[in-house]
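Right, one structure below, let's go through it.
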Amino acid sequence: MKFFLSVSLISAAVLFNACDSSCCQNVVLTKSVEIKGNQTPVPVITGVPVEVACGEKITADGTQSYDPDGQILQYSWTVDNLENGQFDAFSLTLPCDNQPHNICLKVADNKNASQEVCQSVTVGEKKAPEKEVNCDLVPKIAFEKADEMQYKFYCNQSTYNGNPIDQQTANECHWLAKKTFIDGTSQDIHGLKGPVKWINIDPEIFKSMDLTLTVKNEQCEKTITEHYLLPQDLPY
């Protein structure tokens, strides 16, 4: 089977679902190399705003690029027409010149088809440093064994300015849990909120757990992660 190679230049602005309106209005497809019988990969740039402040670091991310009928084998970046490397994402700080700069990503698939997308970003004035807020918020996880299969974890022993957090703050405590089992598999539990977190623990298959607590109020936010190994840390 023979494949025919064609090169086309495209100068149409396109909007990708992976971007929001703040990053996509300056996105332009510039080059496309198509292989007959093969769909062209689609480059997607995220993490690059339309405007950044002088000295602000940005991360150009191409991991949401995709190939409809194959796989992406190569990522190639250029900044203002200068090659910047072959990786799926990178960080950079642009010159403070109040000028637009072009960040371009070219992706190629496993059949040598490729496509490039460019995004323009302007460097503005340097932001004033943010005023530091004295945040004496200390998250703390307490627990007790409820029965043979359950533990109760609490956040109400966390403190703010040396005093226990109030009930409103405790109600907003956010929990993330990652269970690890004896067979090496794991399970993530996300999006849990409240002063108390109940977790089922099966002593026959449970090995360890990482529990993350985020406590925040109007002034600040702090996070802590505790690692529990059975049966040393959570006896059953």
- Task: For segment 30-79, name all the residues that are small (G, A, S) and either without any contact (Cβ under 8 Å) to a residue 40 or more places away in the chain or within 16 Å of C118 (Cβ to Cβ) (or both).
- Result: S32, G37, G47, A60, G62, S65, S76
- Query: Among (1) closer than 30 Å to Q64 by Cα; (2) surrounded by 15 or more Cβ atoms within 10 Å (Cβ to Cβ), which single condition is N98 missing?
  - Reply: (2)
- Message: When the residues of segment 9-46 are narrowed to those that are among the small types (G, A, S) and either in a strand (DSSP E or B) or buried (at least 19 other Cβ atoms within 10 Å of the Cβ) (or both), which ends up modelled with the highest pLDDT?
- Response: S32
- Item | strands (runs of 3 or more DSSP E) contained entirely in segment 47-138, each with at least 1 residues that are under 24 Å from the mean Cα position of the chain (by Cα) and closer than 16 Å to S32 by Cβ | 72-79, 100-109, 114-123
- Message: Which count do you get for residues in segment 165-174 that are out of contact with any Gly (no Cβ under 7 Å at 6 or more places or on another chain) and either of a type in the set (A, V, I, L, M, F, W, C) or farther than 21 Å from W198 by Cα (or both)?
- Response: 2
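The values are calculated or read from the model by the stated rules, or taken from the named source; none is laboratory data. In this text the structure is predicted, and so the values were computed from the model without any measurement. Cβ: placed from backbone, ideal geometry, glycine included. Neighbour counts: every protein chain shown.
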